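The values are calculated or read from the model by the stated rules, or taken from the named source; none is laboratory data. Bear in mind that the values here come from a model prediction, so they are computed numbers and not experimental data. For neighbour counting, all protein chains shown are included, and Cβ atoms are generated from backbone atoms with ideal geometry for every residue, glycine included.
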Amino acid sequence: MNYSSSGFDPIYHFIEQNVINKKWPSAVFGITNRDEILDLRSYGTYEDGREMNSKTIFPVFSITKPMIGLAIMQLWEKGLLHPGQLVSKILPEFAEHGKDKLALWHLLTHTGGLDQRYLMECAQGKHAPDGLLHPHLYKALAESHLESALGQKVSYNNAAFTVLAEIIERVSGMTYEEYLHRHIFEPLGMKDTNFGGVEQEQSRLAPIAGAEAMESHMDSFVAAKIPFGGLFSTADDLLLFAKSMLRQTETQEGSFLIKPATFKQMITPQTLHIEEVDSDYGFVWKTPVRHKGFIERDIYGHNGMGGCMVWMYPKQDVAFVLMTAALGKPVDNIHIHNVFSSTL
């Protein structure tokens, strides 16, 4: 399909107005097809007056989750695990407290009902600053009970990705951070995507609106490298990622992160048998096939807490990436989708 940059004016006007009206501190918005970037624009400035750009680094929060999901899919292809497998077969200690029937499928589709109280208590400062570090968080989850029956309810669950990260480490023999770098980011050329820390180029970090509530916990949050929301990235990197997803995970060298048949399973809705859901899910990917608010529903993607988004429109062979950092004022992603859909 052929698109002109002027045809995207409605979505760019929408993005610009949110920055002008100070709903968002800044924004970078890019559009790509499977072959090339179609358009890319930036709005807002750093505190020192420099203009934002496609190399500005943003915390992408839950866009971390599809990266973890792709790692699990790779290990599935290697015959080291599968979605129907019980978690306790890989993590024997996780069979305690009624979790013996918990399967990877439940973790990948937000239907596992894991108890998230420890996470909320960490966010409220009720645990030591290192409480979010992976070993402590995993131990708390292993000792917890389920909040709801398995497979009966779709309930967005951050804790599931700590368990998936532990599975990656046990099965692959490397940390989940190292695994993602070696098997996802490096093959795709995502040079600025990582879990932050002292090596992060501070001058490129985007200003975060509404970060006051997290300010006292931000250092521990970054240090924890949490597998459900700890990544930092740029528009350039996420556009590389989106382009690869439109090509069924094909890399710049012509290989694939996972085989097209496996990727098809990943983006196929898995939760259609469950009534009254806020969103359906494939394996990790959001698939809003039953969401009444979307004009175009044959799409898949993910959002991050600060407003970052990466979404693929496979029928139109196009994807968009939104980078912003508006913690205080939630980004209405449904309106973004509908304005974008009107330009296609």
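Residues of segment 314-336 include none that is surrounded by fewer than 24 Cβ atoms within 10 Å (Cβ to Cβ), among the aromatic types (Phe, Trp, Tyr) and either more than 19 Å from the chain's Cα centre (by Cα) or not in a helix (DSSP H, G or I) (or both). For segment 110-125, the criterion of being within 19 Å of the chain's Cα centre (by Cα) and within 17 Å of residue 195 (Cβ to Cβ) is satisfied by no residue at all.
Residues in segment 156-207 that are part of a loop (DSSP other than H, G, I, E, B) and within 28 Å of residue 144 (Cβ to Cβ): 156, 157, 158, 173, 174, 175, 195, 196. Of all residue pairs spaced 6 or more apart or on separate chains, those with beta-carbon atoms under 8 Å, a first member in segment 31-43 that is aromatic (Phe, Trp, Tyr) and a second member that is assigned to a loop (DSSP other than H, G, I, E, B) and buried (at least 19 other Cβ atoms within 10 Å of the Cβ) are 43/26; 43/52.
Looking only at segment 64-110, filter to residues that are of a type in the set (Val, Ile, Thr) and in contact with a helix residue (DSSP H, G or I) (Cβ under 7 Å, 6 or more places away or on another chain); which one of those is farthest from residue 269 (Cα to Cα)? Spell out how you get there, then give the answer.
Here is the first cut: in segment 64-110, the residues of a type in the set (Val, Ile, Thr) are 64, 68, 72, 87, 90, 109.
Now narrow it down to the ones that are in contact with a helix residue (DSSP H, G or I) (Cβ under 7 Å, 6 or more places away or on another chain): 68, 72, 87, 90.
Working: 68: 18, 72: 17, 87: 21, 90: 25 Å.
Restricting to residues being of a type in the set (Val, Ile, Thr) and in contact with a helix residue (DSSP H, G or I) (Cβ under 7 Å, 6 or more places away or on another chain), the top hit is 90.
Within segment 255-292, the set of residues being part of a loop (DSSP other than H, G, I, E, B), of a type in the set (Gly, Ala, Ser) and more than 18 Å from residue 310 (Cα to Cα) comprises just one member, 255. One residue stands out in segment 181-202 among those that are modelled with pLDDT of 95 or more and acidic (Asp, Glu): the one that is nearest to residue 34 (Cα to Cα), namely 186.
Results for (1) in contact with a strand residue (DSSP E or B) (Cβ under 9 Å, 6 or more places away or on another chain); (2) hydrophobic (A, V, I, L, M, F, W, C); (3) surrounded by 13 or more Cβ atoms within 10 Å (Cβ to Cβ), shown as yes or no for each residue.
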| residue | (1), (2), (3) |
| --- | --- |
| 76 | no, yes, yes |
| 115 | yes, no, yes |
| 120 | no, yes, no |
| 135 | no, no, no |
| 151 | yes, no, yes |
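From the residues in segment 235-254 that are in a loop (DSSP other than H, G, I, E, B) and in contact with a helix residue (DSSP H, G or I) (Cβ under 8 Å, 6 or more places away or on another chain), which one is surrounded by the fewest Cβ atoms within 10 Å (Cβ to Cβ)? Step by step, filter segment 235-254, then rank; the result is 253. Selection over segment 39-54 of residues that are surrounded by 14 or more Cβ atoms within 10 Å (Cβ to Cβ), assigned to a loop (DSSP other than H, G, I, E, B) and of a type in the set (Gly, Ala, Ser) gives a count of 2. Against the numbered list (1) free of Cβ contacts under 8 Å to residues at least 60 places away in the same chain; (2) part of a helix (DSSP H, G or I); (3) over 25 Å from residue 261 (Cα atoms), residue 126 comes up short only at (2). Looking only at segment 170-180, residues that are within 24 Å of residue 61 (Cβ to Cβ) and either at pLDDT below 95 or surrounded by fewer than 18 Cβ atoms within 10 Å (Cβ to Cβ) (or both) come to 3 in all.
Only one residue in 301, 282 is of a type outside the set (A, V, I, L, M, F, W, C), within 17 Å of the chain's Cα centre (by Cα) and buried (at least 23 other Cβ atoms within 10 Å of the Cβ). Which one? Let's see the steps before the verdict.
Details: 282 fails: buried (at least 23 other Cβ atoms within 10 Å of the Cβ).
Every option except 301 fails the conditions.
Among the residues here, residue 244 qualifies as among the small types (Gly, Ala, Ser), in contact with a Leu (Cβ under 8 Å, 6 or more places away or on another chain) and at pLDDT 95 or above.
Identify the residue in segment 126-146 that is charged (D, E, K, R) and either more than 27 Å from residue 84 (Cβ to Cβ) or at pLDDT below 95 (or both) and, among all such residues, is nearest to the chain's Cα centre (by Cα).
In the first step, residues of segment 126-146 are kept if they are charged (D, E, K, R); the result is 126, 130, 139, 143.
Checking the rest, the ones that are also either more than 27 Å from residue 84 (Cβ to Cβ) or at pLDDT below 95 (or both) come to 126, 130.
Values: 126: 26, 130: 23 Å.
Residue satisfying both the conditions and the ranking: 130.
A Cβ distance below 8 Å, combined with a sequence gap of six or more or placement on separate chains, defines the contacts here; from segment 308-337, residues that are within 17 Å of residue 22 (Cα to Cα) and free of Cβ contacts under 8 Å to residues at least 40 places away in the same chain reach residues that are in a strand (DSSP E or B) and of a type in the set (S, T, N, Q) in the pairs 333/303.
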